[in-house]
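Okay, structure first, notes after.
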Amino acid sequence: MKKYFIFDMDGVLIDSEPVHQQILSQTFQELGISLLDEYYYTLVGMAAGPMWEKIKADFALHEEVGSLVKKHKVLKGQLLPSYTIPATPGILSLLNRLKLEGYVMAVASSSPKLLIESYTSQLHIQSFFQEFVSGEEVSRSKPFPDIFLKTADLLGVLPSVCIVIEDSRNGVVAAKSAGMFCIGYKNEHSGPQDLSMADVIIEHFDEITSEFLSNLPVCHQL
């Protein structure tokens, strides 16, 4: 029987959080506010709309959310091409191992669909995945479960047979709320995320061995 693995992108497939933080910090500067590390870490995993709704409320900004999203998007479009964003250490080996193990894989990321397609293409990993789901395609962002439920629906399986890898509190909460088994990945570039709701926490992808996978409770449901 097929097995299913769902990946977040930023901080899991690609080591992009430092770049996103730098660009968001520059956007904050243009708005006359400062972006502290501790505050940024609360935003990790959120889609643009809900993220800016939170920022607008937290900083009592007068500008409309749509305008803030557009300003940030324009700046990202200008700055992202100047950065080289690498694959997260060990992820390519993990993808190859999971493919050999017979897993069907998907991406469920809060990033825009165009960025998901661009980064997975640049890293030559698109062929590993059957589905790519963006936070733009659901009404509620992580920490709500919508993106994972949509991914399971596209894969044609129950959420309970899916394994998710997430590096943020928002992502872990979303995966568990969807009824999925969740592996929390401690990426130092994602900050001190609270991954305590994850079923298991890892620090390196090489911890996910064949033995590790065979011992996961979700694998015994398949």
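Here is how the numbers come out for the structure above:
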{"quantity": "Residue list for the range 6-17, filter: among the hydrophobic types (A, V, I, L, M, F, W, C) and either more than 13 Å from the chain's Cα centre (by Cα) or outside any strand (DSSP E or B) (or both)", "calculated": "Met9, Val12, Leu13"}
{"quantity": "The one condition in (1) assigned to a strand (DSSP E or B); (2) touching a Gly at 6+ places or on another chain (Cβ under 8 Å); (3) in contact (Cβ under 8 Å) with a residue 24 or more places away in the chain that Ile183 fails to fulfil", "calculated": "(2)"}
{"quantity": "Ala48 being buried (at least 16 other Cβ atoms within 10 Å of the Cβ) and over 26 Å from His204 (Cβ atoms)", "calculated": "yes"}
{"quantity": "Condition met for Ile147 (at pLDDT below 95, in a helix (DSSP H, G or I), buried (at least 22 other Cβ atoms within 10 Å of the Cβ) and of a type in the set (Val, Ile, Thr))", "calculated": "no"}
{"quantity": "Criterion: in contact with a helix residue (DSSP H, G or I) (Cβ under 8 Å, 6 or more places away or on another chain), in contact (Cβ under 8 Å) with a residue 24 or more places away in the chain, of a type in the set (D, E, K, R) and surrounded by fewer than 16 Cβ atoms within 10 Å (Cβ to Cβ) - qualifying residue of Asp167, Asp206", "calculated": "Asp206"}
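The values are calculated or read from the model by the stated rules, or taken from the named source; none is laboratory data. These numbers come from a predicted model, not from an experiment. With ideal geometry, Cβ positions are generated from the backbone for all residues, glycine too; neighbour counts draw on all protein chains shown.
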